[in-house]
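The values are calculated or read from the model by the stated rules, or taken from the named source; none is laboratory data. All values derive from a computational prediction rather than experimental measurement. Cβ coordinates were reconstructed from backbone atoms using ideal geometry, including for glycine residues, and neighbour counts include every protein chain displayed. Only protein heavy atoms, including side chains, enter the accessible area calculation; ligands, DNA and RNA are left aside. Shrake-Rupley method; radii C 1.70, N 1.55, O 1.52, S 1.80 Å.
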Amino acid sequence: MDLDTTKTQVLSDTQISLSRSIIAIGAFDGVHRGHQALISAAVNEARTAKVPSVVWTFDPPPKVVFGRVPQLCTLEEKLARITRLGADYIVVASFNRHYAAKSAKSFLDDLGRCNPSSIHVGQDFRFGRKQSGDVGDLASCFNVNIATPVNCDAGEPVSSTRIRALRAAGRQTEADSLQGAFDKVSQFTGRLLTEDLRFKETTQ
Ligand SMILES: Cc1cc2nc3c(=O)[nH]c(=O)nc-3n(C[C@H](O)[C@H](O)[C@H](O)COP(=O)(O)O)c2cc1C
Ligand SMILES: Nc1ncnc2c1ncn2[C@@H]1O[C@H](COP(=O)(O)OP(=O)(O)OP(=O)(O)O)[C@@H](O)[C@H]1O
């Protein structure tokens, strides 16, 4: 199927407001094969239900902001890869120490502005100041869809952490295979509706 990758709209978390949606949430650093499965499940459910799909992400990834890890991919590459998966909207929350202090309740209120009929996350998803919110808290407000973990051929879960370690060890082919390559996705081709992001949209 040919995807029109010019229709995805990128907004900040303060701009988004929808009467219906299906949301996938995560840092999605590298948009690896596990992330792709989670996002695709949300996009497919949204298409079937004929409601907009929303991928809600954070830039830079929280683990990078807290100085724990190097970033795997640029924001532009992340947006390009998510666009390729067919999301209607990508919400980018600028993640800094001020944002990190937001309460779990306040984040749930933010999500509520999209009126989601379901939200896709992994089992270990946390949110809010000091990671105080978990999947149970999310499920007390919304229908939650827990992603089935995607493992590599050797049976280990695919994760950004593993890909970072493989790249640091110079094992690029293995890292590429976990990250899952797309053709021609280094440039974002959707519509950028926020001035806040740190790169310019490609002119068509
Ligand atoms: C409103 C909000 C506040 C957060 N505050 C913190 C925090 O204080 N410390 C922290 O390590 N992570 C914090 N996070 C990051 C989350 O723990 C988590 O990394 C993020 O929701 C993305 O989920 P993922 O890591 O499963 O992709 C916060 C996230 C949100 C949405
Ligand atoms: N292999 C996987 N299969 C399915 N879902 C996954 C997989 N890896 C991560 N997820 C889910 O995707 C969402 C975003 O994950 P996140 O960005 O934290 O990736 P990660 O690979 O776990 O990163 P890190 O290794 O840096 O913690 C989370 O809800 C997480 O549970």
For the range 13-34, what are the residues that are in a loop (DSSP other than H, G, I, E, B) and either within 15 Å of ligand 2 (Cβ to nearest atom) or under 19 Å from residue 156 (Cβ atoms) (or both)?
26, 27, 28, 29, 30, 31, 32
Name the one entry in 29, 59 that is out of contact with any strand residue (DSSP E or B) (no Cβ under 7 Å at 6 or more places or on another chain) and open to solvent by less than 40 Å² (accessible area, probe 1.4 Å).
29
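Yes/no matrix, rows are residues, columns are (1) within 11 Å of ligand 2 (Cβ to nearest atom); (2) assigned to a loop (DSSP other than H, G, I, E, B); (3) over 24 Å from residue 157 (Cβ atoms); (4) open to solvent by 60 Å² or more (accessible area, probe 1.4 Å):
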site	(1), (2), (3), (4)
51	no, yes, yes, no
54	no, no, yes, no
70	yes, yes, no, yes
110	no, no, yes, no
119	yes, no, no, no
124	yes, yes, no, yes
136	no, no, no, no
Which of the residues spanning the range 100-118 are out of contact with any Gly (no Cβ under 8 Å at 6 or more places or on another chain), within 12 Å of ligand 1 (Cβ to nearest atom) and touching a residue at least 12 places away in the same chain (Cβ under 8 Å)?
100, 101, 110, 111
Quickly run through the range 161-177 and pick out the residues that are out of contact with any Lys or Arg (no Cβ under 8 Å at 6 or more places or on another chain), small (Gly, Ala, Ser) and open to solvent by less than 80 Å² (accessible area, probe 1.4 Å).
165, 169, 170, 177
Yes or no: the range 77-88 includes at least one residue that is closer than 20 Å to residue 161 by Cβ and either open to solvent by 40 Å² or more (accessible area, probe 1.4 Å) or part of a loop (DSSP other than H, G, I, E, B) (or both).
yes
